[in-house]
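The values are calculated or read from the model by the stated rules, or taken from the named source; none is laboratory data. Quantities reported herein were computed from a predicted structural model and do not represent experimental measurements. Reconstructed Cβ throughout: ideal geometry from the backbone, glycine too, with neighbour counts over all protein chains shown. Quick note on the areas: whole protein, heavy atoms, side chains included, nothing else; ligands and nucleic acids left out. Shrake-Rupley method; radii C 1.70, N 1.55, O 1.52, S 1.80 Å.
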Amino acid sequence: MMQVVIYTASGLQEETNQMEALLASLAQKYPHKLAIVDLSNNAFLAEAFAGKLPNLEVGQFNFSCQVGPDALEQALEQTQYFLETEKNTKINQPLRIASEPAKLNAWNRLSLWFSKHYLQVVMGFLILVVGLAFLAPLLMEWGLPDAAQSLYGFYHPFCHQLAFRSLFLFGQQPFYPRKLAGVHGLMTFEKATGLPEDDFVAASAFLGSPEMGYKVALCQRDIAIQSALLIFVMIFALSRQKIKSIPIFIWFIFGLLPIALDGGTQLLSQLDWQGLAWLTPRESVPWQRLITGALFGLLSAWFILPILRESLLETRFSLEKKAILALQSKETERLA
């Protein structure tokens, strides 16, 4: 049977009764099951429907505040036609809602929960990523190398962990760049460790020493990206998610391009390819990695997070309606 829903709230009894009466006058010609849902106790849906209550939904048709008899009859007729002609085929979600009692499965419940708490999930994940990366050198300093090795090993598939491109804690310097970087006033990685600057395997495996300190489990650029992501998520949360997405060209010019140029030219200049012999070998200095990483992380979050929020609001709107209908249907069955 066709499902019709009227969403209403306190103080709208008269308008709701008018919609209900109009539906009743068409019930014999277009049999349907009517659900009247009071949104007074659902703040999210009440806000989403603000200025649009009472709201009548039938199939793919939606009427706010009021509906004429001709328009309603046309909606009922078309919905009934689709249900009759497509009942033996795969029908789309709006028609399925129009013909079946609302049921909330496990995936629906998980999706609804995530749509409500996605910001906490993202923030918690980033805190974990950044926090554990800094925990590794702490564990080394505290004399727990086995636990630290586990963290370094966990991050290794996601980051090269080259010591001369990493931050160091508890040592003489916050970083030990390669001689090729040309950073004055800092001891180079080669001088501090005695390792050759072109031995990338050794540089990746090197964790530090009591004199040099111990490296963070993510490289300078990666830690800047993840930290900037986390900072923007916190700002976004404090703004009550009101920040709008930046244009994609802003993200490309100031977020993607600097990190691509810095990392790309460094990589290409150090490849032993005959066609690239004209490129002068270069090594990014630490502040270049930190700034380009931070810009990429910050602007990526600024571009993506507001878009993600809009998408999840639509998901939550749909699932909140389904949840409240399922709850009302279950309560009606219990009382029957």
- Query: Dipole of the chain (Lys/Arg Cβ +1, Asp/Glu Cβ -1, origin at the Cα centre): which of I235, A224, G275 lies farthest to the positive side?
  - Reply: A224
- Item | Signed unit charges on C-beta, dipole axis of the chain, positive-most listed residue L151, T188, M123 | T188
- Query: Which percent, nearest 5, of DSSP beta bridges in the chain are antiparallel?
  - Reply: 65 percent
- Message: Given Cα positions, please report Rg to Rh for region 208-336, the hydrodynamic radius being the Kirkwood one.
- Response: 1.26
- Ordering 225-237, 185-197 by per-residue average of other C-beta atoms within 10 angstrom, highest first, gives 225-237, 185-197
- Carbon/sulfur accessible area of the chain, % of total, 1.4 Å probe, equals 63 percent
- Sequence-distant lysines (8 or more away, or on other chains) whose Cα lies within less than 30 Å of K215: K179, K191
- Enclosed volume per residue, in Å³, of the convex hull spanned by Cα atoms of the chain: 225 Å³
- Message: Can you give me the Rg/Rh ratio for region 1-66, using Cα atoms for both radii and the Kirkwood formula for Rh?
- Response: 0.97
- Calculated from DSSP H runs of 4 or more alone, at -39500 (n - 2.57) each and per residue, what is the 222 nm mean residue ellipticity of the chain, nearest 500? -18500 deg cm²/dmol
- Query: Just how large is the dipole of the chain about the Cα centre, in debye to the nearest 20, putting +1 at every Lys and Arg Cβ and -1 at every Asp and Glu Cβ?
  - Reply: 240 debye
- In a GNM of the chain with a 10 Å cut-off on Cα contacts, which of W273, W107, W251 has the highest mean-square fluctuation? W273
- Express the accessible area of region 214-313 per residue in Å², computed with a 1.4 Å probe while the remaining protein chains stay in the model. 53 Å²
- Can you tell me the order of 40-49, 281-290 when each peptide is scored by its average per-residue count of other Cβ atoms within 10 angstrom, highest first? 281-290, 40-49
- Message: Need one word for region 161-273: rounded, prolate or oblate. Basis is the Cα gyration tensor (sqrt eigenvalues a ≥ b ≥ c); a/c below 1.5 gives rounded, then a/b vs b/c decides.
- Response: oblate
- Task: Leaving ligands, DNA and RNA out of it, rank H160, H184 by accessible area with a 1.4 Å probe, largest first.
- Result: H184, H160
